[in-house]
Amino acid sequence: MTVYVMKDELKQLWRQSPEKDARTAWQAWWDMAAASGIAPLVRFAKNLAPYLHGIVASASWHLNTSILEGINNRIKVIKRVAYGYRDEPYFFLKIRAAFPGIPR
(Lines give C-alpha, C1' and ligand atoms only; values in the text may rest on other atoms or scores of the structure.)
Protein backbone atom coordinates (compact mmCIF):
# COMPACT_ATOMS: atom_id res chain seq x y z
CA MET A 1 0.00 0.00 0.00
CA THR A 2 2.87 2.37 0.74
CA VAL A 3 4.30 2.01 -2.74
CA TYR A 4 0.88 2.62 -4.29
CA VAL A 5 0.48 5.88 -2.32
CA MET A 6 4.03 6.91 -3.19
CA LYS A 7 3.28 6.30 -6.87
CA ASP A 8 0.34 8.70 -6.74
CA GLU A 9 2.41 11.28 -4.88
CA LEU A 10 5.11 11.04 -7.54
CA LYS A 11 2.53 11.61 -10.29
CA GLN A 12 1.51 14.83 -8.54
CA LEU A 13 5.10 16.02 -8.74
CA TRP A 14 4.80 16.47 -12.52
CA ARG A 15 1.67 18.61 -12.04
CA GLN A 16 3.29 21.27 -9.85
CA SER A 17 3.27 24.67 -11.51
CA PRO A 18 6.10 26.84 -10.12
CA GLU A 19 9.54 25.27 -9.96
CA LYS A 20 9.81 26.09 -6.27
CA ASP A 21 6.71 23.99 -5.52
CA ALA A 22 8.08 21.17 -7.66
CA ARG A 23 11.35 21.14 -5.72
CA THR A 24 9.47 21.21 -2.42
CA ALA A 25 7.24 18.33 -3.55
CA TRP A 26 10.30 16.37 -4.68
CA GLN A 27 12.01 16.84 -1.32
CA ALA A 28 8.86 15.71 0.51
CA TRP A 29 8.56 12.66 -1.77
CA TRP A 30 12.26 11.86 -1.34
CA ASP A 31 11.95 12.04 2.45
CA MET A 32 8.89 9.76 2.43
CA ALA A 33 10.66 7.26 0.16
CA ALA A 34 13.73 7.17 2.40
CA ALA A 35 11.60 6.86 5.55
CA SER A 36 9.54 4.01 4.09
CA GLY A 37 12.41 1.55 4.52
CA ILE A 38 11.34 -0.33 1.37
CA ALA A 39 14.60 -1.13 -0.40
CA PRO A 40 13.25 -1.14 -4.01
CA LEU A 41 11.52 2.20 -3.41
CA VAL A 42 14.66 3.76 -1.96
CA ARG A 43 16.68 2.42 -4.90
CA PHE A 44 14.12 3.85 -7.35
CA ALA A 45 14.32 7.25 -5.65
CA LYS A 46 18.11 7.21 -5.90
CA ASN A 47 17.89 6.29 -9.60
CA LEU A 48 15.38 9.09 -10.19
CA ALA A 49 17.44 11.77 -8.42
CA PRO A 50 19.80 12.53 -11.37
CA TYR A 51 16.75 13.44 -13.46
CA LEU A 52 15.51 16.03 -10.97
CA HIS A 53 16.50 18.92 -13.24
CA GLY A 54 14.26 17.64 -16.03
CA ILE A 55 11.41 16.85 -13.66
CA VAL A 56 11.52 20.34 -12.20
CA ALA A 57 11.79 21.86 -15.68
CA SER A 58 8.51 20.18 -16.56
CA ALA A 59 6.90 22.53 -14.04
CA SER A 60 7.71 25.46 -16.33
CA TRP A 61 7.54 23.77 -19.72
CA HIS A 62 4.55 21.46 -19.95
CA LEU A 63 5.55 19.48 -23.03
CA ASN A 64 4.68 15.88 -23.51
CA THR A 65 5.81 13.54 -26.24
CA SER A 66 2.76 14.13 -28.43
CA ILE A 67 3.57 17.85 -28.72
CA LEU A 68 7.23 17.12 -29.39
CA GLU A 69 6.39 14.51 -32.02
CA GLY A 70 4.10 17.00 -33.73
CA ILE A 71 6.87 19.61 -33.79
CA ASN A 72 9.38 17.08 -35.15
CA ASN A 73 6.92 15.96 -37.83
CA ARG A 74 6.29 19.53 -38.93
CA ILE A 75 10.05 20.19 -39.19
CA LYS A 76 10.43 17.05 -41.31
CA VAL A 77 7.72 18.30 -43.67
CA ILE A 78 9.44 21.69 -43.94
CA LYS A 79 12.70 19.89 -44.66
CA ARG A 80 11.07 17.78 -47.35
CA VAL A 81 9.44 20.82 -48.98
CA ALA A 82 12.67 22.78 -48.57
CA TYR A 83 14.66 20.43 -50.76
CA GLY A 84 16.97 22.68 -52.69
CA TYR A 85 17.40 25.51 -50.19
CA ARG A 86 20.97 26.56 -50.41
CA ASP A 87 21.56 28.00 -46.99
CA GLU A 88 20.79 26.90 -43.47
CA PRO A 89 19.76 30.32 -42.12
CA TYR A 90 16.81 30.43 -44.53
CA PHE A 91 15.78 26.91 -43.48
CA PHE A 92 15.83 27.92 -39.81
CA LEU A 93 13.84 31.05 -40.65
CA LYS A 94 11.19 28.80 -42.22
CA ILE A 95 11.09 26.69 -39.05
CA ARG A 96 10.76 29.80 -36.86
CA ALA A 97 7.97 31.07 -39.10
CA ALA A 98 6.14 27.74 -38.71
CA PHE A 99 6.17 28.08 -34.92
CA PRO A 100 5.28 31.66 -34.03
CA GLY A 101 5.67 31.62 -30.31
CA ILE A 102 7.38 33.73 -27.75
CA PRO A 103 10.51 35.19 -29.41
CA ARG A 104 13.74 34.59 -27.56
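The values are calculated or read from the model by the stated rules, or taken from the named source; none is laboratory data. Note that the structure is predicted; figures quoted are calculated from it, not measured. When we count neighbours, we look across all protein chains shown, and the Cβ atoms used for this are built from the backbone with ideal geometry, even at glycine.
Tabulated values for the structure
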| item | result |
| --- | --- |
| Filter result for Ser58 (of a type in the set (S, T, N, Q), in contact (Cβ under 8 Å) with a residue 24 or more places away in the chain and part of a helix (DSSP H, G or I)) | yes |
| Criterion violated by Leu63 - all others in (1) of a type in the set (A, V, I, L, M); (2) outside any loop (DSSP other than H, G, I, E, B); (3) without any contact (Cβ under 8 Å) to a residue 40 or more places away in the chain satisfied | (2) |
| Search result, residues across the range 43-89 that are surrounded by 10 or more Cβ atoms within 10 Å (Cβ to Cβ), under 19 Å from the mean Cα position of the chain (by Cα), of a type in the set (A, V, I, L, M, F, W, C) and at pLDDT below 80 | Ala59, Leu63, Ile67 |
| Qualifying residue in the range 34-41 (condition: outside any helix (DSSP H, G or I) and of a type in the set (Ser, Thr, Tyr)) | no |
| For Val3: the one exception among (1) at pLDDT below 90; (2) within 30 Å of Phe99 (Cα to Cα); (3) part of a helix (DSSP H, G or I) | (2) |
| Output for the range 16-36, where each listed residue is surrounded by fewer than 15 Cβ atoms within 10 Å (Cβ to Cβ) and either among the basic types (Lys, Arg) or within 12 Å of Met6 (Cβ to Cβ) (or both) | Lys20, Ala28, Asp31, Ala34, Ala35 |
| Single condition Pro100 does not satisfy, out of (1) within 14 Å of the chain's Cα centre (by Cα); (2) exposed (fewer than 10 other Cβ atoms within 10 Å of the Cβ) | (1) |
